[in-house]
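The values are calculated or read from the model by the stated rules, or taken from the named source; none is laboratory data. Small disclaimer: the values here were computed from a predicted structure and weren't measured. Glycine also receives a Cβ, built like all others from the backbone with ideal geometry; neighbour counts cover every protein chain displayed.
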Amino acid sequence: MSSVAELRPVTSVPRVPGAVPLLGHALALWRDPLGFLSSLRQHGDLVRVHLGTMPMVVVTTPDLVHEVTVRQAHSFEKGRFFDRLRPLAGNGLANADGELHKKHRRMIQPMFSRERIAGYSDVMSANAQALADSWAPGDVIDLEPAMAGYAVETLASTLFSTDIGLPAVDAVRRNLPVLLANLLIRAASPKALDRLPIPANRRFDQAAASLRAVIDEVVATSRAAGPTDHDDLLALLLAAQDAESGTRLSDVQVRDELATILFAGAETTAATLAWTFHELVSRPDVEDALVAEIREVVGDGPVTAQHVPALQGIRRVIDEVIRLHGVTLLMRRTTEPVTLGGVELPTGTEVAFSLYALHRDPGLYDRAHLFDPDRWLPERQAQGPGRRAYIPFGAGNRKCIGDLFVWTEATIAIATILRQWRLVPVPGHSPREIASAVAHADRIPMTVVARQ
Ligand code: HEM
């Protein structure tokens, strides 16, 4: 343990070059968020960045991220990034801190148990088959919106009562992309910029209001209908009662939890699925092996939760896709003085880390920019950088609640689509990464070809 004398003040942490007056590093982040975040490691394990006038400490190594998310998690709250999401998702699970977070996490967790997810898998499978059957040979599909449709419909039909949730799906599909396109920039920018009457702000505010209104209506209709035999997240939230006070969740609290699940669960899943088909194009050998695996494990019937653990090739592909195109930026704020990497961070310090940058660190991953699902074979994993260096779903008490859900949902979709179709890129377009909650693609147009 380091003695107090060895501790360095936060002002000793190297400041990243390139800051400009008033905006700090905000311009660099706006221009090329993923490049900027990935460049930070070259300045140190801990570096200082200014977003506008707000200073922020960025952590660039797996061990220090582990300190923040696991070992010293009790000394952190979620911080500025999540404060800026409050207008959209209120104090839903991803934003809540302390006791409120603990209570809601305990309440919602049963909806994501292994048994529950096995129960959702029939709907996941039917939705995936409906998507695959909606295509015909020669169709050109833009993969992200197609996969976003699958992701939102699957969330609505498994978690929000099929009949009531589905009318909301259209509105969500319309509004979510507008919100996501501005999410990272908005979360990382000075708050004063939100009030500028520019089209980007207007579009964002309109989409946020419209999404809130749609979810409010779902909640109000369900509340008015009274108890049902639906056994889903919406019913659970409406019935939930505080053990001590006996009070129910308010409609606003229920809306915030639903909005959180939609934000956290739709784009992440859609981007992962869309990138999967893009990345497979560069590895026809891997695609052929997946198709053989699907035929052997599943045959011609529906893909179910029972098949998922045996589809190990798909697992490696998903792991590799999330490594390459994962969560861009996460933040925390110290709630008491914290010692991190020999530096003393005062209470209220904003701390950030990028899973995207961590997972592409060439010091941790051999040929880090290459899509190579075989790096997840057990024998190669043993030589790899270890568990702390790969945390696609985060770690500690704030770890993703939906990891098994998406794992099952994505495996079922990939197996169902690959068995039926080959997706061939439309010539002349190379997808570009866009930073939002995850690194998603601008467009991935593909032509549908029947698989022999
Ligand atoms: C490939 C897909 C996904 C990825 C990469 C992903 C990643 C993450 C990460 C890294 C966190 C931790 C955030 C932090 O530490 O601040 C997180 C939290 C969360 N995720 Fe996911 N996620 C995915 C899919 C989903 C799905 C499908 C759902 C819901 C159905 C979901 C719901 C949540 C929620 C509610 C939280 C907040 C948990 C808490 O604070 O207790 N995610 N996710």
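Annotations for the structure displayed:
- From Gly394, Gly386, Gly428, Gly402, residue being within 11 Å of the ligand (Cβ to nearest atom) and at positive phi: Gly394
- Residues of region 279-296 that turn out to be among the hydroxyl-bearing types (Ser, Thr, Tyr) and within 20 Å of Ala118 (Cα to Cα), as a count: 0
- Hey, Thr221 out of contact with any Phe, Trp or Tyr (no Cβ under 6 Å at 6 or more places or on another chain) and more than 16 Å from the ligand (Cβ to nearest atom) or not: yes
- Any pair with Cβ under 7 angstrom, 6 or more apart, that starts in region 134-159 at a residue that is over 21 Å from Pro427 (Cβ atoms) and ends at one that is modelled with pLDDT of 90 or more and of a type in the set (D, E, K, R): Thr154/Glu409
- Sole exception among (1) closer than 23 Å to Asn201 by Cα; (2) within 13 Å of the ligand (Cβ to nearest atom); (3) assigned to a helix (DSSP H, G or I) for Asn91, by number: (3)
Conditions (1) within 23 Å of Ile117 (Cα to Cα); (2) in contact with a helix residue (DSSP H, G or I) (Cβ under 8 Å, 6 or more places away or on another chain); (3) acidic (Asp, Glu); (4) within 16 Å of the ligand (Cβ to nearest atom), marked per residue:
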{"site": "Leu233", "(1), (2), (3), (4)": "yes, yes, no, yes"}
{"site": "Ala239", "(1), (2), (3), (4)": "yes, no, no, no"}
{"site": "Ala266", "(1), (2), (3), (4)": "yes, yes, no, yes"}
{"site": "Phe277", "(1), (2), (3), (4)": "no, yes, no, yes"}
{"site": "Val298", "(1), (2), (3), (4)": "yes, yes, no, no"}
{"site": "Pro309", "(1), (2), (3), (4)": "yes, no, no, no"}
{"site": "Asp319", "(1), (2), (3), (4)": "yes, yes, yes, yes"}
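- Scan of region 48-88 for residues that are part of a strand (DSSP E or B) and within 13 Å of the ligand (Cβ to nearest atom), ordered by number: Val59, Phe76, Glu77
- You will find that of Ala126, Ala118, the residue that is part of a helix (DSSP H, G or I), touching a residue at least 24 places away in the same chain (Cβ under 8 Å), surrounded by fewer than 19 Cβ atoms within 10 Å (Cβ to Cβ) and in contact with a Pro (Cβ under 8 Å, 6 or more places away or on another chain) is Ala126 and no other.
- Meets criteria (within 14 Å of the ligand (Cβ to nearest atom) and either in a helix (DSSP H, G or I) or touching a Cys at 6+ places or on another chain (Cβ under 8 Å) (or both)) for His101: yes
- Pairs, first of a type in the set (D, E, K, R) in region 233-252, second not in a loop (DSSP other than H, G, I, E, B), C-beta under 6 Å, six or more apart: Arg248/Gln241; Asp251/Val219
- Only one of Ala439, Ala435, Ala415, Ala410 that is buried (at least 17 other Cβ atoms within 10 Å of the Cβ), of a type outside the set (D, E, K, R) and near the ligand (Cβ under 10 Å from one of its atoms): Ala410
- Residue pairs whose Cβ atoms lie under 7 Å apart, sitting 6 or more positions apart in sequence or on different chains, and linking a residue in region 215-226 that is closer than 13 Å to Phe160 by Cβ to a partner that is among the polar types (S, T, N, Q), are Ser222/Ser161.
- Taking (1) over 29 Å from Phe393 (Cα atoms); (2) surrounded by 18 or more Cβ atoms within 10 Å (Cβ to Cβ); (3) free of Cβ contacts under 8 Å to residues at least 12 places away in the same chain; (4) among the aliphatic types (A, V, I, L, M) in turn, Leu23 satisfies each apart from (3).
- Residue match in region 255-262 (condition: touching an Asp or Glu at 6+ places or on another chain (Cβ under 8 Å) and within 13 Å of the ligand (Cβ to nearest atom)): no
- Checking Gln381 against (1) touching a residue at least 60 places away in the same chain (Cβ under 8 Å); (2) over 27 Å from Gly98 (Cβ atoms); (3) surrounded by fewer than 22 Cβ atoms within 10 Å (Cβ to Cβ), the condition it does not meet: (1)
- Every condition in (1) of a type outside the set (Ser, Thr, Tyr); (2) in contact with a Gly (Cβ under 8 Å, 6 or more places away or on another chain); (3) over 25 Å from Ala439 (Cα atoms) holds for Val327 except the one numbered (3).
- Residues in region 417-429 include at least one that is closer than 27 Å to Leu159 by Cα and within 24 Å of the chain's Cα centre (by Cα).
- Among the numbered conditions (1) among the aliphatic types (A, V, I, L, M); (2) surrounded by fewer than 11 Cβ atoms within 10 Å (Cβ to Cβ); (3) closer than 12 Å to Met107 by Cα, the only one that Ala224 does not meet is (3).
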